[in-house]
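Derivation of every value follows stated rules applied to the coordinates shown; laboratory data play no part. Keep in mind that what you see is a predicted model, and the values were worked out from it rather than measured. Cβ atoms come from the backbone with ideal geometry, glycine included; neighbour counts cover every protein chain shown.
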Amino acid sequence: MDPHSTPNDLIAQEQPGFSPAAAPSVVLSGVTRVFGVVPALVRADLRVEPGETLLIRGANGAGKSTLLRVIATAISPTYGSGTVLGLDLIAGREEIRRRIELVGHRTRLYEDLSARENLRFTCSLYGMEPRNVEDVLERVGLTEVAGERVRGYSQGMRQRVAVARALIRMPELLLLDEPYSGLDTEAKEVVDRAVLDAQRAGRTVILATHDLTRGGMATRTVFMDGGRILPQLPTPGHL
């Protein structure tokens with residue numbers, strides 16, 4: 001064991017089957033998603049390389065959430081094709097879900113469990129030892145309420161548990177859909193630290209937000225409007 005390893009280095013090292021991907025993290029080709037007769041995503045072409053932190057900007061309703069949900073296999077494309085971590089969006093759905101994490105508006109927590117129990121359950125689900133649970137709870141500022149049922153948490157506290165789950169898993173691809181929404185400054189910084197941890201571990205991050213004060217750690221930015229991905233621009237300074 002490297003004596004200079006941090007807790008999150010150790011979390012990253014224990015992920016089953018993790019290795020830097022040779023294939024692009026995401027490739028979308030002409031992906032369109034229609035709800036009823038309304039197109040929410042229109043002929044999206046996107047390529048994200050391993051280790052990138054991609055920032056997606058756009059107003060509410062621009063199509064950011066739909067794009068991330070397609071990548072996460074939460075919904076399927078109506079037209080078009082794509083791969084995530086080298087796996088087909090449709091045929092490889094189960095394996096994709098095992099290797100990614102989506103933090104979005106719906107935190108997907110078990111409300112009758114405490115924050116601690118939710119994280120321990122996540123560990124058991126993915127075959128991980130729960131030894132990092134207390135460290136991660138401390139990092140997201142939930143130690144004092146970790147034994148309370150999530151049902152009684154505010155939205156901001158629930159979001160912290162969702163971020164903690166991502167820190168525990170440290171997946172190959174981390175998707176963040178408006179993760180700053182409804183959070184105070186301290187909680188927003190928790191999200192930022194999760195992104196930086198993923199970057200240091202060599203993971204790929206896609207962050208969608210309309211919060212113009214966040215996202216400075218991104219290596220590339222794309223803009224969306226009306227369900228379309230607009231021409232890509234480098235993030236100034238790659239802060």
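Compute the signed sum of charges (Lys and Arg +1, Asp and Glu -1) over the other residues within less than 15 Å, Cβ to Cβ, of residue 226. Net of charged neighbours comes to +4. Summing +1 for each Lys or Arg and -1 for each Asp or Glu among the other residues whose beta-carbon sits under 15 angstrom from that of residue 118 gives +4.
Where Lys and Arg each count +1 and Asp and Glu each count -1, what net charge lies around residue 147 among other residues with Cβ under 14 Å from its Cβ? Could the numbers behind the result be given before it?
On the way: positive: 116, 120, 149, 151; negative: 112, 117, 134, 138, 144, 148.
Spelling it out: positives minus negatives among the neighbours equals -2.
Shape summary of the range 135-239, radius of gyration then Dmax from alpha carbon positions: 14.8, 47 Å. With both labels modelled 7 Å from their Cα along Cα-to-Cβ, the residue 75 to residue 94 distance reads 2.5 nm. Sorting the segments 31-44, 186-199 by their residues' average number of neighbouring beta-carbon atoms within 10 angstrom, most packed first, yields 186-199, 31-44. Close amide H partners of residue 221, meaning residues 5 or more places away or on another chain with modelled amide H under 5 Å apart, are 55, 233, 235. Taken one residue at a time, the phi angles of the range 141-153 give Karplus couplings (6.51, -1.76, 1.60, θ = phi - 60°) of x, 10, 3, 5, 10, 5, x, 8, 5, 4, 3, x, 7 Hz. Gly and Pro are set to x. Only helical runs count toward this figure. For the chain, summing -39,500 (n - 2.57) over DSSP H runs of n ≥ 4 and dividing by all residues gives -9000 deg cm²/dmol at 222 nm.
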